[in-house]
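Just below is one structure, and these are the notes that go with it.
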Amino acid sequence: PSQGWLYEPPGESRGLVDWVHGGPTWHREDWVNPIVQFLAAAGFTVLDPNYRGSTGFGRGFREAIKHEGWGGREQDDIRAGIEALIAAGRARPGQIGVAGLSYGGYSSWVAITRFADLVDAAVPICGMYQLDVDFHATGMPHGRAYSIEMMGGTPEQVPERYFRASPANFIGNIKGRLLIVHGLADSNVSPENTRIACRDLTKAKIPYELLTFADEGHGIYKAGNREQLLARMESFF
């Protein structure tokens, strides 16, 4: 089973934000995270999950993400965490948000497209939108090697895996609200992902909001930019 940390606000919750970590070979501990603390102080319940593929729980748990490749069982874990909170009365349908950076941004894309019946709003930050474009057509060899390892092959070798794992192929499912965030100097997850996403959403007449930062790379870290992002996230959710 997966594990996670739950942060609850003082007073009545304004809704749940599932803040998904990046990596995916990374994990959350009970340390202070400024975004989590901001959201909790702003009145939101925050779930900070460690899904299959996370480190810190043994090699088997970390390697389990490779069984189906990205967009597989780890996304089931993220959904299961939300459903468990609803069942426990700690979250309410109609007030469910997902956000995250990098792989957390990718998971936010997955949530708003694949879990459209459950997720009402998503904030993908520097997230992958179309996997073959991001890692196999933008000249980033580190990303290509990593995705080949995680997906069990190239897009040519396992096209069905890449198709299933690419949120770009499922935007027609979107029912909730979407705020796309990206640093335009990102050399890890290319901003081309966001450009293509905006093109596709506009063509499909699916509304979205966009927040970009010309002076940020893979993440939004400068003080003024972080302040703008947090204020926007609060008003959005």
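Answer yes or no as to whether LEU210 is hydrophobic (A, V, I, L, M, F, W, C) and under 18 Å from ALA99 (Cα atoms).
The answer is yes for LEU210.
Please state which one of HIS21, HIS67 is touching a helix residue (DSSP H, G or I) at 6+ places or on another chain (Cβ under 9 Å) and free of Cβ contacts under 8 Å to residues at least 24 places away in the same chain.
HIS67
Is it the case that ILE35 is at pLDDT 90 or above and within 25 Å of ASN188 (Cβ to Cβ)?
yes
Scanning region 12-51 for residues that are assigned to a loop (DSSP other than H, G, I, E, B) and open to solvent by 70 Å² or more (accessible area, probe 1.4 Å), which turns out farthest from GLY127 (Cα to Cα)?
For region 12-51, the residue satisfying everything is GLU12.
I'd like the full set of residues that are farther than 17 Å from GLY15 by Cβ, open to solvent by less than 40 Å² (accessible area, probe 1.4 Å) and in a helix (DSSP H, G or I), limited to region 80-122.
Passing the criteria: TYR103, GLY104, GLY105, TYR106, SER107, TRP109, VAL110, THR113.
Take GLY127 and tell me if it is farther than 26 Å from VAL17 by Cα, open to solvent by less than 20 Å² (accessible area, probe 1.4 Å) and not acidic (Asp, Glu).
no
Can you name every one of the helices (runs of 4 or more DSSP H) wholly within region 130-237 that holds 1 or more residues which are small (Gly, Ala, Ser) and either within 18 Å of the chain's Cα centre (by Cα) or surrounded by 18 or more Cβ atoms within 10 Å (Cβ to Cβ) (or both)?
By residue number, 141-151, 159-165, 192-203.
In this structure, does ASN50 turn out to be polar (S, T, N, Q) and either within 21 Å of GLN228 (Cα to Cα) or over 19 Å from the mean Cα position of the chain (by Cα) (or both)?
No.
The values are calculated or read from the model by the stated rules, or taken from the named source; none is laboratory data. Predicted model, so just to flag it, every value in this text is computed and none were measured. Every residue, glycine as well, gets a Cβ built from its backbone with ideal geometry; the counts of neighbours run over all protein chains shown. Ligands, DNA and RNA are excluded from the accessible area calculation, which covers all protein heavy atoms including side chains. Shrake-Rupley method; radii C 1.70, N 1.55, O 1.52, S 1.80 Å.
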